[in-house]
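Remarks on the structure that follows.
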Amino acid sequence: MKLYEQFPVSITNSLSGKKEPFVPLNSPFVGMYSCGPTVYNEVHLGNLRTFTAFDVVYRYLSYIGYVVRYVRNITDAGHLTNDAGEGVDRIEESAKLEQLEPMEIVQKYTTSFHEICRIFNILPPSIEPTATGHIIEQIEMVKKIMANGYAYEVNGSVYFDVRRFMEKYKYGELSGRNIDELQEGTRELDRQDEKKNSIDFAIWKAVSPNHIQRWPSPWGEGIPGWHLECSAMGTKYLGKQFDIHGGGMDLKFPHHECEIAQNVGAFGTSPVRYWMHSNMLTVNGEKMSKSKGNSFLPRELFTGSHPLLNKAYSPMSVRFFMLQSHYSSTLDFSNEALSAAEKGYKKLSNALTTVKKLKFQPLGAEDHDLRSELNRLIDGCYLNMSDDFNTAKTLAILFEMASRINDWNSGKGTAVSEATFNRFKQTYIDFLEQVLGLREEEEHNQEMVDGIIQVLIELRKKARTDKNYALSDKIRDDLKAMGVQLMDGKDGSMSYSIE
Ligand code: AMP
Ligand code: ZN
């Protein structure tokens, strides 16, 4: 029996609002898509929460035996500042600000995104397609939607005709929006009188010749609408219908709602069976976002350099902090919560180091109560993760397991069979490392290093005062050989830098 049969997964489907048994279209294969970053600046901690949430979904489904094809795109064209498909092009704007080519911006922030994923132990997806690499597919999709009568062209732009679509299909089902109210709300803001209705959205947008990123199309030079890339790439790599689509809650509307409409408009099929939305990382109850000025970057966390931070935190403490809440709840940032997470992570990680070295020590006859207790903990890991990926409850079980491990390590023998002991040990290691992606971190005690160098600096000062230049030079040269550069100030002071 496969693990996914033994511990069947249920998922809260945003489309129904209910927790549903997960039945893949073509088990053991699972097709999963999640919206990736728009590579116009560095990802902040809020973005990382969402990428971590779907990383864990991918990890767990793979761990229990599904063969997952995970597609996470890179948005490198077509994302305007206003999600409704208006405003300034984000990548073009960054290119102007940083005086770079748009594709230099794309390269720079794609590389930085990959680096951050590596640091946070977010696995690479199976396919990472880009919008610019799929312009032809997007144009083909626009043509299909037009041929079916759900889009119209005005001045080189093509708009999705929402009213026309609603004559046959539903629109707004995922986000629960009432379209009439929406239309009332947007009418005043709407300066795009090209559209028949303010609720219509661009699937192809004409741009002027001074826009560097632009492509020829049957409607003239332009860029694809942002929502279109996910429809085109999801369909290309996962089919017209696939199992799971993820993204942050803020993408439900309009991005995902439009994605559904585009697929239905092109192929007559709703693309996704299980929509999953992760909730927001907040700061004092407000969504973390770059535009609100309350966001911070991963590197600011490691150095503790952001004014909101009391000190530096390691990547795995931050990952642990995110996993401590269920993906569907909001998670509020605070120094207290991060400090608590740091302690919690250390406890689990110490037990991980311990358990890897721990040998089975038999202790008399098998204790049946203990055996069922250990089995409860082992099963608990699976049951909680299978229950809509409840990382919070899984961590609680892992803490219980860590206490057992510490008991055994302090010399108490194990009154269960070697097989049970080994299964317990392997489950603890696997759930931490493979499922939750929490790896051991090397202790880097900067304070102690600083202290030791200061002692050497003082000794070197003393040697100089004593005119013992052989010793003072030796201290300088030996430190230099280790990558520590001492700098002599004019006033006799000394400072250092580490290469
Ligand atoms: P973007 O690069 O803006 O398209 O965002 C990338 C991903 O990060 C999307 O799935 C967003 O929903 C998600 N996201 C943005 N802000 C937050 C936040 N404060 N908390 C959690 N996820 C977020
Ligand atoms: Zn998307």
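Only a single criterion out of (1) of a type outside the set (Gly, Ala, Ser); (2) away from ligand 1 (no atom under 16 Å from the Cβ); (3) out of contact with any helix residue (DSSP H, G or I) (no Cβ under 8 Å at 6 or more places or on another chain) is not satisfied by Lys236, namely (3).
Every test in (1) outside any helix (DSSP H, G or I); (2) within 16 Å of ligand 2 (Cβ to nearest atom); (3) modelled with pLDDT of 95 or more is passed by Tyr169 save one, and that test is (2). Taken across region 201-209, residues that are part of a loop (DSSP other than H, G, I, E, B), among the β-branched types (Val, Ile, Thr), more than 16 Å from ligand 1 (Cβ to nearest atom) and surrounded by fewer than 23 Cβ atoms within 10 Å (Cβ to Cβ) do occur, with at least one present. When the residues of region 1-38 are filtered to those that are among the polar types (S, T, N, Q) and closer than 30 Å to Arg90 by Cα, the one that is farthest from the chain's Cα centre (by Cα) is Ser14. If the condition is being assigned to a strand (DSSP E or B) and within 13 Å of Leu48 (Cα to Cα), then region 274-286 contributes Ser278, Leu281, Thr282.
Every listed requirement among (1) more than 14 Å from ligand 1 (Cβ to nearest atom); (2) in contact with a helix residue (DSSP H, G or I) (Cβ under 7 Å, 6 or more places away or on another chain); (3) part of a helix (DSSP H, G or I); (4) not acidic (Asp, Glu) is met by Gln213 save one, (3).
Of everything in region 400-419 that's buried (at least 18 other Cβ atoms within 10 Å of the Cβ) and not in a loop (DSSP other than H, G, I, E, B), which residue is modelled with the lowest pLDDT? Across region 400-419, the extreme among qualifying residues is Thr414.
Does Thr38 satisfy the condition of being within 16 Å of ligand 2 (Cβ to nearest atom), among the β-branched types (Val, Ile, Thr) and in contact with a helix residue (DSSP H, G or I) (Cβ under 9 Å, 6 or more places away or on another chain)? Yes, satisfied.
Residues are listed down the side, and each one gets a yes or a no for (1) of a type outside the set (Gly, Ala, Ser); (2) in contact (Cβ under 8 Å) with a residue 40 or more places away in the chain:
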residue: Ala396; (1), (2): no, no
residue: Met401; (1), (2): yes, yes
residue: Ile405; (1), (2): yes, yes
residue: Ala415; (1), (2): no, yes
residue: Glu418; (1), (2): yes, yes
residue: Gln454; (1), (2): yes, no
residue: Glu458; (1), (2): yes, no
residue: Lys467; (1), (2): yes, no
residue: Leu471; (1), (2): yes, no
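Yes or no, residue by residue, for (1) in contact with a Lys or Arg (Cβ under 6 Å, 6 or more places away or on another chain); (2) hydrophobic (A, V, I, L, M, F, W, C):
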site	(1), (2)
Val30	no, yes
Tyr40	yes, no
Arg49	no, no
Thr52	no, no
Val57	no, yes
Val71	no, yes
Thr75	no, no
Gly78	no, no
Glu101	no, no
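When the test is whether a residue is of a type outside the set (S, T, N, Q), farther than 20 Å from Lys170 by Cβ and either in the same structural domain as Pro224 (by TED's automatic domain parsing) or within 13 Å of ligand 2 (Cβ to nearest atom) (or both), Gly265 does not pass it.
Residues in region 1-13 that are surrounded by fewer than 20 Cβ atoms within 10 Å (Cβ to Cβ) and assigned to a loop (DSSP other than H, G, I, E, B): 4 in all.
Residues of region 294-313 that are away from ligand 1 (no atom under 16 Å from the Cβ) and in a loop (DSSP other than H, G, I, E, B): Gly304, Ser305, Pro307, Leu309, Asn310, Lys311, Ala312, Tyr313.
Scanning region 379-399 turns up one or more residues that are over 24 Å from the mean Cα position of the chain (by Cα) and either surrounded by 15 or more Cβ atoms within 10 Å (Cβ to Cβ) or under 22 Å from Lys19 (Cα atoms) (or both). Of all the listed residues (Ser270, Ser231), the sole one being at negative phi, within 27 Å of the chain's Cα centre (by Cα) and more than 16 Å from ligand 1 (Cβ to nearest atom) is Ser270. Scanning region 209-248 for residues that are within 15 Å of Ala261 (Cα to Cα), more than 11 Å from ligand 2 (Cβ to nearest atom) and touching a residue at least 60 places away in the same chain (Cβ under 8 Å) turns up Gly225, Thr235, Gln241.
Exactly one residue among Ser497, Ser472, Ser493 is at pLDDT 75 or above, of a type in the set (Gly, Ala, Ser) and either outside the structural domain of Val56 (by TED's automatic domain parsing) or over 30 Å from Tyr60 (Cβ atoms) (or both), and that residue is Ser472. Among the residues of region 14-58, those identified as farther than 27 Å from Phe321 by Cβ, touching a residue at least 40 places away in the same chain (Cβ under 8 Å) and not in a loop (DSSP other than H, G, I, E, B) are Glu20, Phe29, Val30, Gly31.
Residues that are touching an Asp or Glu at 6+ places or on another chain (Cβ under 7 Å) and under 13 Å from Ile74 (Cβ atoms) within region 111-132 comprise Ser112, Thr130, Ala131, Thr132, listed in sequence order. Exactly one residue out of Gly65, Gly17 is farther than 25 Å from Thr427 by Cβ and either surrounded by 19 or more Cβ atoms within 10 Å (Cβ to Cβ) or at pLDDT 95 or above (or both), and it is Gly17. Restricted to region 283-293, and to residues there that are modelled with pLDDT of 90 or more and more than 7 Å from ligand 1 (Cβ to nearest atom), the residue that is farthest from Ser112 (Cα to Cα) is Gly285. Regarding region 96-114, can at least one residue be identified that is touching a Pro at 6+ places or on another chain (Cβ under 8 Å), at pLDDT 95 or above and either charged (D, E, K, R) or surrounded by 15 or more Cβ atoms within 10 Å (Cβ to Cβ) (or both)? The answer is yes, given that some residue of region 96-114 is touching a Pro at 6+ places or on another chain (Cβ under 8 Å), at pLDDT 95 or above and either charged (D, E, K, R) or surrounded by 15 or more Cβ atoms within 10 Å (Cβ to Cβ) (or both).
The values are calculated or read from the model by the stated rules, or taken from the named source; none is laboratory data. From a predicted model like this one, the values you see are computed outputs, not experimental measurements. Cβ coordinates were reconstructed from backbone atoms using ideal geometry, including for glycine residues, and neighbour counts include every protein chain displayed.
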